[in-house]
Amino acid sequence: MTAQTIIQSLASGLLMGLLYGLIAVGLALIFGLMDVVNFAHGEFLMIAMYLTFFLFAFFAIDPLLAAPLVAAALFVFGAVVYLLIVRFAVRAKANTGMVQIFSTFGLAIVMRGLAQFFFTPDYRSITHSWLGGKTISIAGIYLPVPQLVGALVSIAAFGALYFFINRTDFGRALEATREDAGAVALVGIDKNKVFALGWGLGAALVGLAGAVMAMFFYIYPDVGASFALIAYVTVALGGFGSVFGAFAGGIVVGLVEASTALILPPSLKSVGIYAVYLLVVFVRPRGLFGSI
Amino acid sequence: MTISRRNVLLGATASAALLPLAARAQAPEVVIGVIYPLSGSSAQIGVDAQKSYETALEIINKYYDFDLPLARGEGLPGLGGAKIRLVFADHQADPQKGRAEAERLITQEKVCAIIGTYQSAVAVTVSQICERYQIPFMSADNSSPSLHRRGLKFYFRAAPHDEMFSAAMFDFFDAMRKKGTRIDTLSLFHEDTIFGTDSGNAQLKLANERGYKVVADIKYRANSPSLSAEVQQLKAGNADVLMPSSYTTDGILLIKTMAELGYKPSAIVAQDAGFSEKALYDAVGDKLEGVISRGSFSLDLAAKRPMVGKINAMYKEKSGKDLNDFSSRQFMALIVMAEAINRAKSTDGDKIREALVATNIPGESTIMPWKRVKFDEMGQNNDADPVLLQYIGGKFVTIFPPQAAVAEATWPMK
């Protein structure tokens, strides 16, 4: 094993980790806001990837330009999912937890089924994008441009999110609602509006991730599944509900995955992630940055 | 004995109950279960397979002038012209679902035979259930060699398995070496279910036997979100030939990641699976000029056997795709099974099994480059000769073995 191999592994892991963070942050945001785990998170990612693909295939819009459009579309989609489904699920009189789980879980299955019906289970790829397939090589270390841009988008998105939550009225309303949804009603904040916007924001972030991913990953109805699993681990690792925990969690997962593959056979590379996850659960159950 | 009213009623009820049976006997029907992933990550395979089975069904149930068993004539003459009906079941690539679905097909749908399954891991459980109910199982497109070595009496496979496929690859390497091409080192890259594992083991064994050095033997997790660590090890090994055994998803990601990390092997010789799928070439075909894959089917055969072209056209009309290594094997599986049922003149599992054991179909009466279809005592057809195909200019051409080849191999690949 040379130094070059190690640096290359860590660089690839870091890039992938930043993307994992971007995929996971929407999940963390929604959970932090209203204690609901969105089990359809992977399917949100899938829809975003398909949307990027169709914008490319029918209108020749490059994924890079499509990203804001996809994020906007997912924002609307997320808000609609809240208003039509989750809003009612959280009002359930009995067994609220189960109702929430099953409603988003059911949504996931429906979305996957519809995607398979309408888009066919065939594997799609965006073959010629501006960045697709391009690679920068620095002293023998290869950095694929789509992932590099994805990592930058991720950092920018987290930066914007930080500003948004800490510096804007809506961000403060979001924080307040998350602290005490009952109390905010007294000061005239519409809880439903904040939740809907929170869902929209969470979905928009995963939409952004989907658009970036579409540049280098294949697209099919089940594509969300493996990323969603990593997103749940990322969120649990970073701390449930903590937006910046997701950022840190993503990086940790990416780096651990890459370094495990250096030591163990690659088929066991997820072992590292889950080992770290278990360790965190045992030693610090609320996650690295969790506040619960 | 006096005949009471009750007796008359009973008799009437009994004959009424028998009526549907009698009616069924007049329009006989043979029900065969077909079990594939129709949803989940490999659903497209199942969807395409369905079209292939429907093509074969049409040829059996209607009259076609092909030199193929049961093509001329309608239905199964051995069973009074009975038509075949297929019942499709979805196993979602999950061995446990496969087990449950096989059981349902046998007990609820009353199928007399089952064909499947694409994933070898699912074939394991489905064939066990078939064995228990004494229903013949035909592995249409499973290629793991361990499948037929389990001592099952009701297991049959007309197509080659991965040791035969891998042997063909090494025969090809030997032939290339004789011509002076340098092939000393190999990198194996295989996924972690039974398909990849068996294929990797077979290749490792052959490499050792024939004096090739395996510089990297990488087993990876199927459907990984990222393969950059794996590709790096392949790159570090930099073997003369890269030998992947991957399904479509991983195949696409492998080729993309290789390009991203600047790894270009001088040759790729793939164990089929993803590398026979249109989706893979749609996604990364530009990076695959000159890739070699094994196969059991080649459209080049259409030049010698016109019916291959016609059947391909029938399939293409249904699916929008050309017959490939999978759809062709699926097609043949139903033909071979139906041919045996026809000879068995019965839908009884044991009788069909006996007929399958006695199968002897000459290669010319198939759409494959095979010598013939004849099962050994383990249910494997050892006369199914594999071919190697090279992807050149957007299509596959047969390059090996010499008797089937239409072109010389381009080596190294571009």
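Points worth noting:
- Per residue, the average separation of C-alpha pairs within less than 8 Å and at least 6 apart gives region A:3-283 a relative contact order of 41 percent.
- A:Lys269, B:Lys235, B:Lys374, B:Lys316 arranged by Cβ crowding within 10 Å, fewest neighbours leading: B:Lys316, B:Lys374, B:Lys235, A:Lys269
- Volume in Å³ per residue [convex hull over Cα atoms, computed for region A:1-128]: 158 Å³
- For region B:58-110, the list of trypsin sites (Lys or Arg not before Pro) that fall in a loop by DSSP and count at most 13 other C-beta atoms within 10 angstrom reads B:Lys62, B:Arg72, B:Lys110.
- At most 15 other Cβ within 10 Å, DSSP loop - trypsin sites (Lys or Arg not before Pro), region B:188-227: none
- Amide proton proximity set for B:Ala82, modelled H, under 5 Å, gap of 5+: B:Leu76
- More than 15 Å apart - percent of Cα-Cα pairs taken over region A:238-292: 48 percent
- Listed by chain and number, the aspartates and glutamates placed with their C-alpha closer than 16 angstrom to that of B:Lys414 are B:Asp240, B:Asp286, B:Glu289; residues fewer than eight positions away on the same chain are left out.
- Note on region A:133-196 and region B:330-390: Cα centroid distance 60 Å, given to the nearest whole angstrom.
- Expected-Rg normalisation [2.2 N^0.38 Å, Cα atoms] applied to region B:187-271: 0.99
- Antiparallel DSSP beta bridges within the protein assembly as shown, percent to nearest 5: 35 percent
- Shape of region B:337-414, Cα gyration tensor, a/c cut at 1.5: prolate
- Qualifying GluC sites (Glu not before Pro) in region B:338-384, DSSP loop, other Cβ atoms within 10 Å at most 15: B:Glu377
- For B:Asn382, the residues whose modelled amide H falls within less than 5 Å of its own, excluding neighbours fewer than 5 places apart on the same chain, are B:Lys374, B:Asp376.
- Divide the volume of the convex hull around the Cα atoms of chain B by the residue count and you get 143 Å³ per residue.
- Value of Rg/Rh across region B:263-414 [Cα atoms, Kirkwood radius]: 1.03
- Couplings 3J(HN,Hα) for region A:280-289, derived from phi with the Karplus relation 6.51 cos²θ - 1.76 cosθ + 1.60 (θ = phi - 60°), are 4, 4, 6, 7, 9, x, 7, x, 4, 10 Hz, where x marks Gly and Pro.
- Take every Cα pair under 8 Å whose residues are at least 6 apart in sequence, average their separation, divide by the length of chain B, and the relative contact order is 16 percent.
- Whole-number D in µm²/s for the protein assembly as shown (Stokes-Einstein; Kirkwood sum over Cα pairs; 25 °C, 0.890 mPa s): 89 µm²/s
- Beta-bridge orientation, chain B: approximately 30 percent antiparallel, per DSSP, counting only bridges with both partners inside.
- Among B:Ser41, B:Ser245, B:Ser187, residue whose mean-square fluctuation peaks in a GNM of chain B (springs only between Cα atoms under 10 Å): B:Ser41
- Reported to the nearest whole Å, the Cα centre-to-centre distance from region B:97-134 to region B:138-193 is 25.
- Sequence-ordered 3J(HN,Hα) estimates for region B:138-143 from the Karplus curve with 6.51, -1.76 and 1.60 and θ = phi - 60° stand at 10, 6, 6, 9, 8, 10 Hz, glycine and proline given as x.
- Rounded, prolate or oblate (a/c below 1.5 giving rounded, otherwise prolate when a/b exceeds b/c) for region A:77-209 by Cα gyration tensor: oblate
- Label reach from A:Ile7 (point 7 Å along Cα→C-beta): in region A:257-278, amide nitrogens under 20 Å belong to A:258-263.
- Whole-number D in µm² s⁻¹ for chain A, Kirkwood Cα-pair radius fed into Stokes-Einstein, 25 °C, 0.890 mPa s: 126 µm²/s
- Sequentially through region A:182-197, phi angles give Karplus couplings (6.51, -1.76, 1.60; θ = phi - 60°) of x, 5, 5, 4, 5, 8, x, 8, 7, 4, 4, 5, 5, 4, 4, 5 Hz, Gly and Pro residues having no value and appearing as x.
- Farthest towards the positive end of the charge dipole of chain A, among the residues A:Ala225, A:Ile126, A:Met213, is the Cα of A:Ala225, using unit charges on the Cβ of Lys, Arg, Asp and Glu.
- Peptide A:141-147 shows a mean partner chain C-beta count of 4 within 10 Å per residue C-beta.
- Amide H contacts under 5 Å for B:Ala270, placed H, 5+ residues apart: B:Ile292, B:Ser293, B:Arg294
- Scanning chain B for DSSP H helices at least 15 Å long along the axis (C-alpha atoms) with a Kyte-Doolittle mean no lower than -0.5 picks out B:5-26, B:43-61, B:120-133, B:162-178, B:248-260, B:325-344.
- Candidate lysines - alpha carbon under 21 Å from B:Lys318, same-chain residues fewer than 8 apart omitted: B:Lys51, B:Lys62, B:Lys83, B:Lys278, B:Lys310, B:Lys395
- Shown is the FRET efficiency for A:Ser137 and A:Arg172, computed with R0 = 41 Å from the Cβ-Cβ distance and rounded to the nearest 0.05: 0.35.
We did not get these values from a lab; they are worked out from the coordinates using the rules stated. This one's a predicted model, so the numbers in the text were calculated from it and none came from an experiment. No Cβ is skipped: glycine too gets one built from the backbone with ideal geometry, and neighbour counts run over all protein chains shown.
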